[in-house]
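This report refers to the structure that appears directly beneath it.
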């Protein structure tokens, strides 16, 4: 996997409760970004 340092960067992820959006939010957070995650379904988002 590619190693990227996103420390000090901000990321906005739409559709973060499932699928690609969720995976992107996790990868960005692990890379050090401050992630703002948005989802249409709060229940799915909080349980993922």
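The values are calculated or read from the model by the stated rules, or taken from the named source; none is laboratory data. This structure is a prediction, so every number in the text was calculated from the model and none was measured. Cβ placement follows ideal geometry from the backbone for every residue including glycine, while neighbour counts extend to all protein chains displayed.
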Margin query: Quick check on my filter: what residues within the stretch 1-18 are at pLDDT 95 or above and exposed (fewer than 11 other Cβ atoms within 10 Å of the Cβ)?
Written below: 5, 7, 8, 10
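Which one is modelled with the lowest pLDDT, of the residues in the stretch 23-48 that are in contact with a helix residue (DSSP H, G or I) (Cβ under 6 Å, 6 or more places away or on another chain) and over 16 Å from residue 7 (Cβ atoms)?
Start the filter on the stretch 23-48 by keeping residues that are in contact with a helix residue (DSSP H, G or I) (Cβ under 6 Å, 6 or more places away or on another chain), which leaves 35, 37, 39, 48.
Among the residues that remain, those that are also over 16 Å from residue 7 (Cβ atoms) are: 37, 39, 48.
Values: 37: 96, 39: 93, 48: 73.
Of everything passing the filter in the stretch 23-48, 48 is modelled with the lowest pLDDT.
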Next item on the list: Return yes when residue 4 is without any contact (Cβ under 8 Å) to a residue 60 or more places away in the chain and not in a helix (DSSP H, G or I) and no when it is not.
Entry: yes
Next item on the list: Kindly check whether there is at least one residue in the stretch 30-46 that is more than 13 Å from the chain's Cα centre (by Cα), on the phi < 0 side of the Ramachandran plot and surrounded by 13 or more Cβ atoms within 10 Å (Cβ to Cβ).
Entry: yes
